[in-house]
């Protein structure tokens, strides 16, 4: 015997509840996916000089009484942003050979910044000031630099063009630093490139006791 069971039409509240449940499930799935992707990124150990050693002052600041002036800060920001843009396009994941893309964040406006700060203060965030330099600069080849060309887990793609910096003058030694220096840091879900000179002035715990700068200040947000 066939039994016909009639179903009542769902009310507007029931339909809304079903849609909300589906949206919540989709949101949770996206959140889990993002967390999984972030967890898959290899995080390097904190950059620091070898035990018992101090970080050497960057090129141009060897003498006591040096400062990190606005021109140097602008040059470091510009270099970091241009290099990050190059790396986002030409650094590929070693696991699947896909471009890093959004996994690498630029410096200028890429990460939510914090307030202005004087020297010695620890403030997270990205530089929101400065602009890409338009003047001709020295061409620095990523394949020939002593520093890490790509973030951990990434490599320069075959046939990638040499990185050519176009901005305020900056000495290569001020960018790359000592052999132990790791310029890539994982911040807010993306890799960020930090030239050695910026890192040095932001980490006074590693300065030599006999080296002290003159008074100086940051002219933008920390990044």
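Quick note: the coordinates plus some simple rules give every number you see, no bench work behind them. On a predicted model such as this, the values are computed, not experimentally measured, just so you know. With ideal geometry, Cβ positions are generated from the backbone for all residues, glycine too; neighbour counts draw on all protein chains shown.
Round to the nearest 0.05 the FRET efficiency obtained for residue 89 and residue 59 when R0 = 30 Å and r is the Cβ-Cβ distance. Each step should come with its number before you reach the end.
On the way: r = 28 Å, r/R0 = 0.93.
FRET efficiency, residue 89 to residue 59: 0.60.
Could you put 162, 187 in order, starting from the residue whose Cβ has the fewest other Cβ atoms within 10 Å? Mind dumping the intermediate values first?
Working: 162 13, 187 16.
Final ranking by Cβ density, sparse to dense: 162, 187.
Ranked highest first by average number of other Cβ atoms within 10 Å, how do 95-101, 71-77 line up?
Output ranking for 95-101, 71-77: 71-77, 95-101.
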